[in-house]
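What follows is a single structure, written as structure tokens, with notes after it.
The values are calculated or read from the model by the stated rules, or taken from the named source; none is laboratory data. Because the structure is predicted, anything quoted here is derived from the model rather than measured. Here the Cβ is made from the backbone with ideal geometry for all residues, glycine too, and neighbour counts use every protein chain on show. Calculation scope for accessible area: heavy atoms of the full protein, side chains included, ligands and nucleic acids excluded. Shrake-Rupley method; radii C 1.70, N 1.55, O 1.52, S 1.80 Å.
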Amino acid sequence: MASGDLAVGVVCLSQTVVGLMGNVSLLYHYLFLYFTGCRPRSTDLIVEHLIIANFLSLLSRGVPQTMEAFGLTLFLNDIGCKLFFYVHRVGRGVSISTTCLLSVFQVITISPRNSRWGELKEKAPRYTGFAIFLCWVPYMLVNIIFLMYITGKWGNTNSTMKKDLGYCSGVKQNKIVLSLHAALLSIPDMFCVGLMLWASNSMVCVLFRHKQQVQHIHKNDLSPRSSPESRATHSILVLVSMFVSSYMLSCIFQVCIGLSDNPNILLVNISALLNAYFPTACPFILMSRVSREPRLCFAWIKITKSPKLIINM
């Protein structure tokens, strides 16, 4: 095994293990809140689906990529390759759309009631389930394309018609067809990225106006603390900026791989590492927010455990 392959394998394994543990820990946090009777927020369901999408993306790409880097090649047949690529693309797409949805809901949450988004404060939570449904369906449909031209290394397709994608192969396509497929796959991504950038700009504007309005209060406060809404907004802004930067870099490498008949394996490995960057870091950014936001259920638990407090009440 070459030293370069060993390094890629170690990095892939580390990313996958850390990312899976982070997402499982964050999911456990939300399940704990649910079973202890906490009142859910409108964004909790969105974050839970984001966790599931990150988990699918890491599991379907990180595990086979790590095995391939450590020299365990030819372990997937045609059906396995199609399934892993499809699940990865769907998970990646849902990560994009749910991050976008999370940023839009946060804009609505922090907007003043007298603004144009204020009237949506009461209506938005009722449409959370439908919005999440729309996050899954488009990516489940457009990524069917991968079922058509992803094959295993031992597939029936002539080897001259294949290009190496690491642990699997892709059928070489006409440049025009490839461009049409790339455009079809990019339409929902570009829409979500544009919406995220708009939502991020709106959040920054709302926070800036709010800071100006309460600036005189902060001058008289010896230990000013930001509100939970502000801390959540800051976390989502970090999440969006991290996602957009990693997504743009990943797109550059994927375009290079798609346009090349024989892509360099280094490009394939770097693209895989970039794809795993966001789902790995995402849960830790979200955990930094939820760890500082106590829920009402914890206060209720403390009250029920203290008889003196119950009597006094």
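Has segment 72-92 got any residue that is open to solvent by 20 Å² or more (accessible area, probe 1.4 Å) and at positive phi? Among the residues of segment 72-92, at least one is open to solvent by 20 Å² or more (accessible area, probe 1.4 Å) and at positive phi, which makes the answer yes. Quick one: is residue 99 under 23 Å from residue 288 (Cβ atoms) and touching a Phe, Trp or Tyr at 6+ places or on another chain (Cβ under 6 Å)? For residue 99, the condition - under 23 Å from residue 288 (Cβ atoms) and touching a Phe, Trp or Tyr at 6+ places or on another chain (Cβ under 6 Å) - is met. Filtering segment 105-134 to residues that are open to solvent by 80 Å² or more (accessible area, probe 1.4 Å) and part of a helix (DSSP H, G or I) leaves 122, 123, 126, 127, 130, 133, 134. Considering (1) within 19 Å of residue 97 (Cβ to Cβ); (2) touching a Pro at 6+ places or on another chain (Cβ under 8 Å); (3) crowded, with 17+ Cβ neighbours inside 10 Å, the lone condition that residue 42 does not fulfil carries the number (3). Counting only helices (runs of 4 or more DSSP H) that sit completely within segment 264-313, those holding 2 or more residues that are modelled with pLDDT of 50 or more and open to solvent by 40 Å² or more (accessible area, probe 1.4 Å) correspond to 265-290.
Of the residues making up segment 174-189, one or more are closer than 22 Å to residue 48 by Cα and either in contact with a helix residue (DSSP H, G or I) (Cβ under 8 Å, 6 or more places away or on another chain) or modelled with pLDDT of 80 or more (or both). Among the numbered conditions (1) at pLDDT 85 or above; (2) open to solvent by 50 Å² or more (accessible area, probe 1.4 Å); (3) farther than 23 Å from residue 103 by Cα, the only one that residue 35 does not meet is (1). The residues on offer are 63, 137, and the sole one that is assigned to a helix (DSSP H, G or I) and farther than 30 Å from residue 7 by Cβ is 137.
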